[in-house]
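Here the structure is laid out as structure tokens; the discussion comes afterwards.
Values quoted throughout were computed directly from the atomic coordinates according to the rules given, and no laboratory measurement underlies them. Computed from a predicted structure; not experimentally measured. Counting neighbours? That spans all protein chains shown, and the Cβs are built from the backbone with ideal geometry, glycine included.
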Protein chains: 2
Amino acid sequence: MLCRPDFESLSLLEFEILLLSDITKVWLTPLPKNSQWIKPYRMHYIENGRRKSRDIFKILDSVLVIVYNVSRKKLIYVRQFRPAVYHSITTGNSLQIQKGEVDLVKFPPELGFTLEPIAGVVDKDKSLADIAREEVCEECGYDVPTDCLEFVMNFRSGVGASSSTITMFYCEVCDAQKVSEGGGIENEVIQVVDLSINDARGLVQTGSTINSGSSTVIATLWFLCNKI
Amino acid sequence: MLCRPDFESLSLLEFEILLLSDITKVWLTPLPKNSQWIKPYRMHYIENGRRKSRDIFKILDSVLVIVYNVSRKKLIYVRQFRPAVYHSITTGNSLQIQKGEVDLVKFPPELGFTLEPIAGVVDKDKSLADIAREEVCEECGYDVPTDCLEFVMNFRSGVGASSSTITMFYCEVCDAQKVSEGGGIENEVIQVVDLSINDARGLVQTGSTINSGSSTVIATLWFLCNKI
């Protein structure tokens, strides 16, 4: 019998490099009606004469960029605190909402950090390639021409409770294109992490528990399938 | 410049096999507070002394099974209507909620159909492998022993607006294990679709637009990377 994965027992060693982010308090309030990021609702429909319904919410589209540094043969990922991941781990497989402040001793904020490819939400009136180029520069500090972004594929972020379009690009960079440390803009606290091809292969090896989203798995598998 | 993908222009030929599902009316209402499927809220936190917030919602964990029929060398997928996908396509990259009935002439329900691996939500007190085995039987009609399910990896369904754990299995089946047509239980309208390895490779080839979720991409890439 396979039990539910225990993300709480992930070794803290894995998070030693995350000390640049210090989270000291976490709490929840109801979703405001004017949220600019998610819109929940119930969809009703008649299928083969039967009335059905499904609870869903709308989110915005996003871009995703697999970045490979050819000078050093490293794949470029970013680490950051993800509130949705942290809450998912602290509440397990239930829809219970925590009251009051979250116990940071019982649930260290490090549990909410993920390792992801470069990505960003489509919230401005620019081409997807231009948005992707901006994210590469802001998050990991490489300045690349837009026409160096190879379109890989469009797919969906989900199909059950929500869905949006993800447009995935591939981009090769070299050390000479590094113009800043990256790390995000404004309030973002993002850490750039370079992985060797072998380390990336280990990330998606059979038996893994990856505390990151499906984009990490897709980007890594696609690279290993198509570029090695 | 790469433009936003136009899912509306997907060839209807692709959907000819979906006539088993007839959707005649679609409309939306606000999310009830007692939803058993999603819980929206705003998470607040202090990071490096700065107060931040993020709008998120909680969803349940799920299992995912890559099913390969070794008798016929076919990968087994399922097609079904996904309200979240349909709404995402009809509203594009905005959070606008449609008023009244959705115009089914302008937006044919076929736009909301996806091609996915076998999957199911973790909403019962059984082991993940047992839930996965049940889904294989209910959705595509193969009766396989639980110990034939190979654990592949755990990852997350998302990191931005929501996150839950996805536990992915691989399962080889043969024609002798086919005990029913599949198609789901109760009100489910699910169509089993077998793809050759070449067709599956085409699904995730560079340049594709896949009107399905990340699980379809991950399952297909993982199979091509590890079993071919």
Legend entry - Rough spin-label spacing in nm, given labels placed 7 Å along Cα→Cβ, for B:SER127 and B:LYS73: 3.4 nm
Legend entry - Cα-based Rg of the protein assembly as shown normalised by 2.2 N^0.38 Å, two decimals: 0.94
Inset, instruction - Report, for B:VAL179, each distance to the same residue's label point in the other copies, shortest first and in nm; define the point 7 Å along Cα→Cβ. - result: 6.2
Inset, instruction - Run a plain Debye calculation on chain A (Cα atoms as equal point scatterers, no solvent) and give log10 I(q)/I(0) at q = 0.09 Å⁻¹, rounded to two decimals, same order as the q list. - result: -0.43
Inset, instruction - For chain A, with a Gaussian network of springs between Cα atoms less than 10 Å apart, report the residue from A:SER212, A:SER162, A:SER53 with the top mean-square fluctuation. - result: A:SER53
Inset, instruction - Within chain A, what's the longest run with no GluC sites (Glu not before Pro) in a DSSP loop and at most 12 other beta-carbon atoms within 10 Å? Give the range, please. - result: A:1-180
Inset, instruction - Pull up all non-local amide H partners of B:ILE210: gap of 5 or more, or a different chain, and H-to-H distance under 5 Å with H placed in the peptide plane. - result: A:ASN154, A:PHE155
Legend entry - Derived scalar couplings ³J(HN,Hα) [the stretch B:192-201; Karplus, 6.51 cos²θ - 1.76 cosθ + 1.60; whole Hz; x for Gly, Pro]: 7, 10, 9, 10, 5, 4, 5, 5, 5, 4
Inset, instruction - Pull up all non-local amide H partners of A:ASP61: gap of 5 or more, or a different chain, and H-to-H distance under 5 Å with H placed in the peptide plane. - result: A:VAL122, A:THR165
Legend entry - Share, in percent, of DSSP beta bridges within the stretch A:61-226 that are antiparallel, nearest 5: 75 percent
Inset, instruction - Once the label point is placed 7 Å from Cα along Cβ, list for B:GLY49 the distances to the corresponding points in the other copies, in nm, shortest first. - result: 6.9
Inset, instruction - May I ask for the net charge around A:ASN34, where only other residues with Cβ less than 13 Å from the Cβ of A:ASN34 are counted and Lys, Arg are +1 while Asp, Glu are -1? - result: +2
Legend entry - Scattering curve values for the stretch A:93-228, log₁₀ I(q)/I(0), Debye with Cα scatterers, q = 0.09, 0.12, 0.13 Å⁻¹: -0.34, -0.60, -0.71
Legend entry - Non-local Lys pairs in the stretch B:60-226, i.e. 8 or more apart or on different chains, that have alpha carbons under 26 Å apart: 4
Legend entry - Residue-averaged [θ]222 nm for the protein assembly as shown, counting only DSSP H segments that reach four residues, each worth -39500 (n - 2.57): -5500 deg cm²/dmol
